[in-house]
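Below is one structure; the comments refer to it alone.
The values are calculated or read from the model by the stated rules, or taken from the named source; none is laboratory data. Keep in mind the model is a prediction, meaning the values are calculated, not measured. Cβ: placed from backbone, ideal geometry, glycine included. Neighbour counts: every protein chain shown.
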Amino acid sequence: MIKVGIIGATGYAGGELVRLLMQHPGAEIKWYGSRSYVDQKYADVYRNFFEIVEDKCLDDNIEKMAEEVDVIFTATPQGYLGGILTEEILSKVKVIDLSADYRIKDVATYEKWYGIEHKSPQLIEQAVYGLCEINREKIKTTRLLANPGCYTTCSILSAYPLVKEGIIDPNTIIVDAKSGTSGAGRGAKVPNLYCEVNENVKAYGVLSHRHTPEIEEQLGYAHDGKPVTIIFTPHLIPMNRGILVTAYASLAKKVTADEVRAAYNKYYAGEKFVRVLEDGVCPETKWVEGSNYVDVNFKIDERTNRVVMMGALDNVVKGAAGQAVQNMNLMFGLPEAQGLELVPMFP
């Protein structure tokens with residue numbers, strides 16, 4: 001039984017980690033870390049856990065936690081883990097970080113886009129980017145896992161096969177993405193109030209969203225290690241969960257729909273959690289909600305010599321906690337889908 005500690009257990013991603021791990025046959029939560037709710041019952045913070053979780057929230061003492069558990073999940077703001085993680089801690093416990101602190105290999109790029117100083121750059125190189133469908137073998141042997149962002153997971157998986165196979169020019173990629181409000185976290189912010197979000201759709205972080213360099217870096221690896229530059233525009237929409245990505249790119253060569261579909265099937269036919277939809281079926285967030293699935297599809301525009309790449313996922317599951325559990329399974333030699341075989345919820 002894997003002993004688990006969670007720092008940031010009372011945020012949305014932390015709460016989803018608890019929900020998933022409570023149903024996981026190979027894991028047991030030993031530490032519900034939450035600086036805001038120390039000594040309060042976890043079920044008083046999230047009433048859906050009434051008579052399911054009896055534990056109280058503890059502090060976020062990562063040094064003490066490392067002595068008591070096998071893996072620590074950190075569902076915390078950017079800069080938190082980077083400021084406290086040490087080689088000594090990593091010698092005792094595996095760490096899965098849901099923030100961006102170890103996703104981007106170039107420290108200067110991280111500091112530019114996030115506007116904070118990285119306090120432990122010496123640990124970045126050993127971190128593995130936890131996109132399971134692409135980095136599976138590296139994930140199995142790491143002790144420091146950088147769990148991908150939600151927009152990033154959907155964007156990369158939607159475009160990856162076509163970049164990898166040289167079907168599109170990756171420097172022409174434009175990503176239009178939409179997210180439910182849970183992606184902004186549980187903290188009180190005026191832009192996320194009901195009256196601000198309801199009956200409204202808005203773009204934000206235009207040309208400055210922090211997931212941009214993460215997408216560019218990972219697609220660059222698929223592009224034979226060459227730099228990739230994209231345009232990424234996220235939008236906030238009035239729903240709780242879900243991300244929908246519609247991405248556009250110029251074709252690099254003449255291809256048929258069958259050839260493009262073959263590229264997707266080459267990389268995803270054996271993947272449990274990536275579903276390549278049938279011809280003409282567009283991904284929808286409602287068909288992945290509450291699950292670890294990503295639905296992808298495409299459409300070729302012969303008139304403009306472009307392709308439209310589409311993807312949908314649940315930002316709190318595959319975009320955060322579900323992917324983190326999937327990574328944990330790989331890191332501990334468990335079946336990759338264990339605890340994650342959740343049928344999407346509807347309605």
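Could you list all residues from region 298-343 that are small (G, A, S), touching a helix residue (DSSP H, G or I) at 6+ places or on another chain (Cβ under 7 Å) and surrounded by fewer than 23 Cβ atoms within 10 Å (Cβ to Cβ)? Spell out how you get there, then give the answer.
Of all residues in region 298-343, those small (G, A, S) come to 311-312, 319-322, 324, 333, 337, 339.
Now narrow it down to the ones that are touching a helix residue (DSSP H, G or I) at 6+ places or on another chain (Cβ under 7 Å): 311-312, 319-322, 324, 339.
Within region 298-343, G339 is the sole residue that qualifies.
Evaluate the following for Y42: is it more than 17 Å from V93 (Cβ to Cβ) and in contact with an Asp or Glu (Cβ under 7 Å, 6 or more places away or on another chain)? Spell out how you get there, then give the answer.
On the way: more than 17 Å from V93 (Cβ to Cβ): yes; in contact with an Asp or Glu (Cβ under 7 Å, 6 or more places away or on another chain): yes.
Answer is yes for this residue.
Is it fair to say E271 is outside any loop (DSSP other than H, G, I, E, B), in contact (Cβ under 8 Å) with a residue 24 or more places away in the chain, surrounded by fewer than 21 Cβ atoms within 10 Å (Cβ to Cβ) and among the acidic types (D, E)?
Details: outside any loop (DSSP other than H, G, I, E, B): no; in contact (Cβ under 8 Å) with a residue 24 or more places away in the chain: yes; surrounded by fewer than 21 Cβ atoms within 10 Å (Cβ to Cβ): yes; among the acidic types (D, E): yes.
In short, no.
Checking the conditions here, which among I243, I230 is under 30 Å from R19 (Cα atoms) and either crowded, with 21+ Cβ neighbours inside 10 Å or in contact (Cβ under 8 Å) with a residue 40 or more places away in the chain (or both)?
Going through I243, I230 in turn, the sole match is I243.
Is it the case that region 41-56 has a residue that's within 22 Å of the chain's Cα centre (by Cα), within 23 Å of S99 (Cβ to Cβ), touching a residue at least 12 places away in the same chain (Cβ under 8 Å) and in the same structural domain as D97 (by TED's automatic domain parsing)? Let's see the steps before the verdict.
The first filter runs over region 41-56 and keeps only residues within 22 Å of the chain's Cα centre (by Cα), leaving none.
Checking region 41-56: not a single residue is within 22 Å of the chain's Cα centre (by Cα), within 23 Å of S99 (Cβ to Cβ), touching a residue at least 12 places away in the same chain (Cβ under 8 Å) and in the same structural domain as D97 (by TED's automatic domain parsing).
Within region 106-138, can you find the residues that are closer than 30 Å to N265 by Cβ and part of a loop (DSSP other than H, G, I, E, B)? Break it down stepwise before answering.
Looking only at region 106-138, we keep the residues that are closer than 30 Å to N265 by Cβ, and these are 128-138.
Within region 106-138, G130, L131 meet the criteria.
Could you figure out which of (1) surrounded by fewer than 20 Cβ atoms within 10 Å (Cβ to Cβ); (2) of a type outside the set (V, I, T); (3) assigned to a strand (DSSP E or B) isn't true of E199?
(3)
Scan region 281-316 for residues that are basic (K, R) and either assigned to a strand (DSSP E or B) or within 18 Å of R261 (Cβ to Cβ) (or both) and jot them down. Can you show your working first?
Residues of region 281-316 basic (K, R): 286, 299, 303, 306.
Those that are basic (K, R) and either assigned to a strand (DSSP E or B) or within 18 Å of R261 (Cβ to Cβ) (or both): K299, R306.
Taking region 202-220 only, how many residues are surrounded by 11 or more Cβ atoms within 10 Å (Cβ to Cβ) and either touching a residue at least 40 places away in the same chain (Cβ under 8 Å) or among the small types (G, A, S) (or both)?
Matching residues across region 202-220 total 13.
To keep it simple, each residue is scored yes or no on (1) buried (at least 18 other Cβ atoms within 10 Å of the Cβ); (2) more than 30 Å from N329 (Cβ to Cβ); (3) among the small types (G, A, S).
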site	(1), (2), (3)
A249	yes, yes, yes
K253	no, yes, no
N265	no, no, no
Y293	yes, no, no
